[in-house]
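*Asks:* Once you've had a glance at the structure underneath, I'll fire off some questions.
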Amino acid sequence: MAILKPFKGLRPPKEISQKLASRPYDVLNSQEARVEAKDNPYSLLHIIKPEIDLPEGIDEHSEEVYMKASENLAGFRAKGWLVQDAEERLYIYAQTMNGKTQYGIVGCAGVEDYMNGIIRKHELTRKDKEEDRMKHVRVTDANMEPVFFTYPAVAEIDSIVSRIVNNNKADYDFTADDGFGHHFWVISDTATIREIVTLFGKVPYTYVADGHHRTAAAALVGNEKKKNNPNHTGNEEYNFFLAVHFPSDQLTIIDYNRLVKDLNNLSVERFMEELGKGFQIEEKGTEIYKPNRLHNFSMYLEGKWYSLTARTGTYNDNDPIEVLDVTVLSKLALDSILGITDLRTSKRIDFVGGIRGLGELKKRVDSGEMAVAFALYPVSLQQLIDIADSGNIMPPKTTWFEPKLRSGLVVHLLD
């Protein structure tokens, strides 16, 4: 069963919480981070993207950058911008997007749960990205950013969360520049904490929704510390890492779409002819067309939108991977017609999260940068769980969760 552990969170004072909270390290590049943190000394980006405080052009993976992260964390603590709670707590982190709010329990997940498969994954991780975050965890001796987990909803936990949020004012409550609301409660009552931990102990598995590299890095560093400590007991703080756990019935996965730079030396006519072998094609004109069901796709080509419906027999709804529309599109178009065999390494394809809208696909094709765009019907959370439970891995760029967690509302120290 899954571990949920309270911890002594390192948190900002309420008056600077909105300024300190930042977007995750991996959703913006160094230049964007410099702009976002400009004139804001409180931004957590100074710790999670510390190259912004060093000369432009510096290798963001250099030793100097990692040491700057450690230095800046120490500075934040010395200035009172991050202060540790005196007792172990759990926390509630809620996010509001388009009028819908999802409520997560913030607590520590177990390193051992990651190692033994209680924490289930649906994506492959890259060693270089793992090592980058591992170095960051090592030098800061902290989980600076939470990972985004989901779990099968437990009605009793939902009831406790509702009671807390309805009867208590949030400790932090703000709307970020992107319009998403962020709300945060500290759970300090020991009996309530004990009740939540006990109920969570009945959860058989948790699932990484977003943050596979941060999850791997946190768990691997914890395991390193275990191996290097001859007096290891299992109770050390490094045995646990920071996660926000959302019940599965509150989350929504949005679409993750594809853009391709060329038609693989095919004429438009030949391309459409080949496409028709796997899809029923219906021209939709100049108005944006959005897929409306599984195995239905949207395509934008030469100023027109098309509906593509995969022909019966081209997919297998009884296989957790073959049923995915990312698999169907790759098999029937990207691989067989356009010659894109490896989504991870091909320079001819790009991916756009549905949060940016299908207008972004149109814009990039109309500009001449891309030749064709495909929009997909979103993966369901049940499909994600089915894949993780079966031990399979989703193809690259399959899921997009929104809103993203803000980093800095609480930090977990490993010592």
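Each reported figure results from applying straightforward, stated rules to the coordinates on display, with no laboratory input. If you're wondering where the values come from, they're calculated on a predicted model, not measured in any experiment. Heads up, the Cβs are rebuilt from the backbone with ideal geometry, glycines too, and the neighbour counts pull from every protein chain shown.
*Asks:* Need the full-extension length gain, residue 63 to residue 34, defined as separation in residues times 0.36 nm minus the C-alpha distance. One decimal, nm.
*Replies:* Values: separation 29, 0.36 × 29 = 10.44 nm, distance 1.92 nm.
Computed gain between residue 63 and residue 34 is 8.5 nm.
*Asks:* Arranged from highest to lowest average of other beta-carbon atoms within 10 Å per residue, in what order do the peptides 227-233, 404-410, 321-327 appear? All intermediate terms of the calculation are to be shown ahead of the outcome.
*Replies:* Details: 227-233: 8.6, 404-410: 24.3, 321-327: 19.0.
Taking the mean over residues of other Cβ atoms within 10 Å, the ranking is 404-410, 321-327, 227-233.
*Asks:* Please compute the contact order of the stretch 256-377 in relative form: average sequence separation of alpha-carbon pairs under 8 Å and at least six residues apart, divided by the residue count, as a percent.
*Replies:* Numbers: 199 pairs, mean separation 53.1, N = 122.
RCO, the stretch 256-377: 43 percent.
*Asks:* Less than 17 Å apart at the alpha-carbon level, and either on another chain or at least 8 residues along: which aspartates and glutamates does that give for residue 100?
*Replies:* Excluding near neighbours in sequence, the set is 158, 173, 178, 249, 402.
*Asks:* Rounded, prolate or oblate: which fits the stretch 256-377 when a ≥ b ≥ c are the square roots of the eigenvalues of the alpha-carbon gyration tensor, with rounded for a/c under 1.5 and prolate only if a/b beats b/c?
*Replies:* Details: a/c = 1.30, a/b = 1.24, b/c = 1.05.
Taking the square roots of the gyration eigenvalues as a ≥ b ≥ c, the stretch 256-377 is rounded.
*Asks:* Let me ask something else. What is the fewest-to-most order of 35, 379 by other Cβ atoms lying within 10 Å of their Cβ? Could the numbers behind the result be given before it?
*Replies:* On the way: 35 10, 379 23.
Fewest-to-most ranking of 35, 379: 35, 379.
*Asks:* Contact order normalised by length for the stretch 31-176, with contacts defined as Cα pairs under 8 Å and 6 or more residues apart; what percent is it?
*Replies:* On the way: 77 pairs, mean separation 24.4, N = 146.
Normalised by residue count, the contact order of the stretch 31-176 is 17 percent.
*Asks:* Here's something else I'd like to know. Taking 0.36 nm per residue of sequence separation and subtracting the Cα-Cα distance, how much length would be gained by fully extending the chain between residue 162 and residue 284, in nm to one decimal?
*Replies:* Values: separation 122, 0.36 × 122 = 43.92 nm, distance 4.49 nm.
Between residue 162 and residue 284, full extension yields an extra 39.4 nm.
*Asks:* GluC sites (Glu not before Pro) within the stretch 205-290: which are DSSP loop residues with at most 12 other Cβ atoms inside 10 Å?
*Replies:* On the way: sites: 224, 236, 237, 269, 273, 274, 282, 283, 287; in loops: 236, 287.
The qualifying sites are 287.
*Asks:* Give 129/397; 304/362; 331/397; 8/227 a once-over and call out the pairs whose C-alpha atoms are over 18 Å from each other. Let's see the in-between values first.
*Replies:* Numbers: 129/397 16 Å; 304/362 9 Å; 331/397 15 Å; 8/227 24 Å.
In this structure, 8/227 lie more than 18 Å apart at Cα.
*Asks:* Moving on. Calculate the spin-label point distance for residue 232 paired with residue 174, positioning each point 7 Å from the Cα along the beta-carbon direction, and give it in nanometres.
*Replies:* 3.9 nm
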